[in-house]
Amino acid sequence: MQTITTVAKLRSTISEARSGGKSVGFVPTMGYLHDGHLALVQASQMQCDVTVVSIFVNPTQFGPNEDLSVYPRDFPRDEKLCHDAGVAILFAPDAQEVYPPGFHTFVEPGELAKPLCGSFRPGHFRGVATVVSKLFNMVQPDVAFFGQKDFQQCAVVRRMVSDLNLPIEIVTVPTIRESDGLAMSSRNRYLSEEERRRALAISRGLFAAVAEFQEGERNARKLLAMAKQHLDTVDRLQYLELVDADTLEPAQSPLGRPAALCAAAYIGSTRLIDNVVLGISGGCGAE
Ligand code: PAF
């Protein structure tokens, strides 16, 4: 594995790796890797000849009062995990390399960035769309892999790729969970043992709605009420919404298209997000 910190070196290494028509898969991350990230790496390795992982804690997607300065970082551990997973190229630029002095151009996502997390984290998806498009231009992958846990991010990135005619296939990989259901997240690291137990209310609520859905319930209000019974025990429920999986607009009852049940909640001072897709054939939604 080669660890690279500059765009110039990345470009020359990737163009060498591409020789002979090899395909390039890309897994963008903010580091502090867990099995969810490694599932993205595996998906890339299944589909592409060369896998590139980036680690960059992107300042432009954090709000002024968010956790940028304390976001968990452990580069030596991440580097070893990537090496052991068979990653070909690890790209770990610093903030100056990505945003050199005078940087002034942003990618502004549209309607898909407004609801859900977008309404509580103004500017977040603008930062995500900007850094992802920059990373796409640096790596120029054939395929890029994102986790379903960040459901809205997947929707924003897909839309951006389509709107800007970027020649990149976007693959959404299902959420990887701990054995008790908690969605894997680098932010789980912030939780105390007791908070970690209480955080299970989020996945329990989502799974309770899935069970109702599988029993045939198609009424959005009832599915939300079922999930809410569990989610009411979190310290602060930021949102719990059932949205159309493609448009992210509120799902219509009875459900006739794939819908995503999405939640964001605070456990102590840690904000966690999770979602499940209630699949009905008729729309594309997450894969
Ligand atoms: O999902 C993440 O880790 C980040 O939002 C991403 C896609 C790496 C952009 O900074």
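Things to note:
- Ligands, DNA and RNA aside, HIS230 has an accessible area near 60 Å² when probed at 1.4 Å.
- Normalised per residue, the accessible area of the chain is 47 Å², obtained with a 1.4 Å probe and no contribution from ligands, DNA or RNA.
- Top positive-direction residue, dipole computed over the chain with Cβ charges, set PRO100, LEU38, ILE170: PRO100
- When the range 167-287 is described by a simple charge dipole with +1 on each Lys and Arg Cβ and -1 on each Asp and Glu Cβ, the residue from ALA263, ALA211, VAL277 located farthest towards its positive end is ALA263.
- GNM flexibility winner over the chain from ASN137, ASN165, ASN219 (Cα, springs under 10 Å): ASN165
- Solvent-accessible area of the range 97-232 (1.4 angstrom probe, protein heavy atoms only): carbon and sulfur portion equals 49 percent.
- Taking a straight line from the alpha carbon of LYS80, these lysines sit under 25 Å away, with near neighbours fewer than eight places off in the same chain left out: LYS9, LYS22, LYS149.
- GLU111 - accessible surface, heavy atoms, 1.4 Å probe, Å² rounded to 10: 130 Å²
- Here LYS228 is the anchor, and the aspartates and glutamates within straight C-alpha reach of less than 16 Å, apart from those fewer than 8 places off in the same chain, are GLU212, GLU217, GLU241, ASP274.
- Longest stretch of the chain clear of exposed loop sites (chymotrypsin sites (Phe, Trp or Tyr not before Pro), DSSP loop, at most 16 other Cβ atoms within 10 Å, sites excluded): 107-287.
- For the chain, share of DSSP beta bridges that run antiparallel, in % to the nearest 5: 50 percent
- Given charges at beta-carbon only (K, R positive; D, E negative), |dipole| of the chain in Debye: 220 debye
- If only the Cβ of Lys and Arg carry +1 and only the Cβ of Asp and Glu carry -1, the dipole of the range 116-233 around its Cα centre is close to 340 debye.
- Most mobile of LEU206, LEU116, LEU191 in a GNM of the chain (Cα contacts under 10 Å): LEU191
- Fluctuation leader among GLY127, GLY63, GLY147 - the chain, Gaussian network, Cα springs under 10 angstrom: GLY63
- Which of SER179, PHE125, GLY63, positive extreme of dipole for the chain (C-beta unit charges): GLY63
- The range 31-79, dipole about Cα centre (Lys/Arg Cβ +1, Asp/Glu Cβ -1), debye to the nearest 20: 40 debye
The values are calculated or read from the model by the stated rules, or taken from the named source; none is laboratory data. These numbers were taken from a predicted model, which means no experiment stands behind them. Cβ: placed from backbone, ideal geometry, glycine included. Neighbour counts: every protein chain shown. Protein only, heavy atoms only, side chains kept; ligands, DNA and RNA dropped before computing areas. Shrake-Rupley method; radii C 1.70, N 1.55, O 1.52, S 1.80 Å.
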